[in-house]
1. Which pairs do you get when a residue that is small (Gly, Ala, Ser), found in the range 143-163, comes within reach of a residue that is buried (at least 18 other Cβ atoms within 10 Å of the Cβ) and not in a strand (DSSP E or B), reach meaning Cβ atoms under 8 angstrom, with the pair 6+ apart or on two chains?
2. Return the only residue of Glu109, Glu104, Glu26 being outside the structural domain of Leu133 (by TED's automatic domain parsing) and either under 23 Å from Glu140 (Cβ atoms) or without any contact (Cβ under 8 Å) to a residue 12 or more places away in the chain (or both).
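The values are calculated or read from the model by the stated rules, or taken from the named source; none is laboratory data. All values derive from a computational prediction rather than experimental measurement. Neighbour counts run over all protein chains shown; Cβ positions are idealised from the backbone, glycine included.
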Amino acid sequence: MPLKFYQKKTALKALQEKTTPQILGEILHFLLEHLLFEKKFQPSDKDLELLIKKPLSGLIEVFSEKSFLEEKAKEIMINVLKSQAWENLKKLFSSVEEIYYEIEGFYKEENQILRPDLLTINDKTLNLFEIKLHKEDLREDQIELYLSFLREIYPHYEIRAYLFSLDPPELTLVKEIKGEIKKEGESQIHHGSKSLFYSTQLSLFEKFG
């Protein structure tokens with residue numbers, strides 16, 4: 001059964017027709033993904049301001065709330081950067097070999113397109129990160145679906161699913177799955193390399209059964 005996972009080209013999510021808390025969450029989501037992907041763990045005030053403004057540029061619909069959204073997003077992020085949760089997250093990202101964000105996969109078995117927030121791979125360990133404004137925003141059924149999909153692709157990897165909630169800052173290990181023991185003579189599946197991902201945007205993961 002074919003399973004495919006693609007690194008989607010970077011695109012800002014549409015913010016129209018969303019509530020103010022939803023837009024705030026999208027701004028912070030965008031900001032955090034880029035900081036972690038670039039491993040920029042101590043951004044300057046200017047870095048924060050630029051990343052906060054980028055998702056809001058050109059959105060006439062939220063013009064009257066732009067100042068509030070910018071100030072609130074910066075306030076939350078400053079609090080995040082001072083937190084122990086951020087320190088713990090930094091440790092998980094500082095030595096990883098590969099980082100992918102907003103990757104898009106089609107899970108044929110469930111007939112669904114999946115788009116986890118962040119994925120890191122390092123030494124037979126795969127970490128999945130979901131970013132939410134508040135801890136209660138997490139959908140556990142979504143995490144279970146991601147894990148089921150990833151287990152199909154990486155049966156021999158240890159897989160951990162984390163929630164990073166921003167307000168208040170907290171890093172939570174939601175679930176951990178141990179890798180299966182590889183049987184003698186079992187073939188090794190090779191997946192897309194980091195250089196391939198950066199240079200061509202071709203498929204990141206493929207498995208054909």
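1. Qualifying pairs under 8 Å: Ala161/Ile143; Ala161/Tyr146; Ala161/Leu147.
2. Values: Glu109 fails: outside the structural domain of Leu133 (by TED's automatic domain parsing); Glu104 fails: outside the structural domain of Leu133 (by TED's automatic domain parsing).
When all the criteria are applied, what remains is Glu26.
The rows are residues; the columns are (1) at pLDDT 90 or above; (2) more than 14 Å from the chain's Cα centre (by Cα); (3) within 24 Å of Ile159 (Cα to Cα).
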{"site": "Glu26", "(1), (2), (3)": "no, no, no"}
{"site": "Glu38", "(1), (2), (3)": "yes, no, yes"}
{"site": "Lys66", "(1), (2), (3)": "no, yes, no"}
{"site": "Lys74", "(1), (2), (3)": "yes, yes, no"}
{"site": "Tyr107", "(1), (2), (3)": "no, yes, yes"}
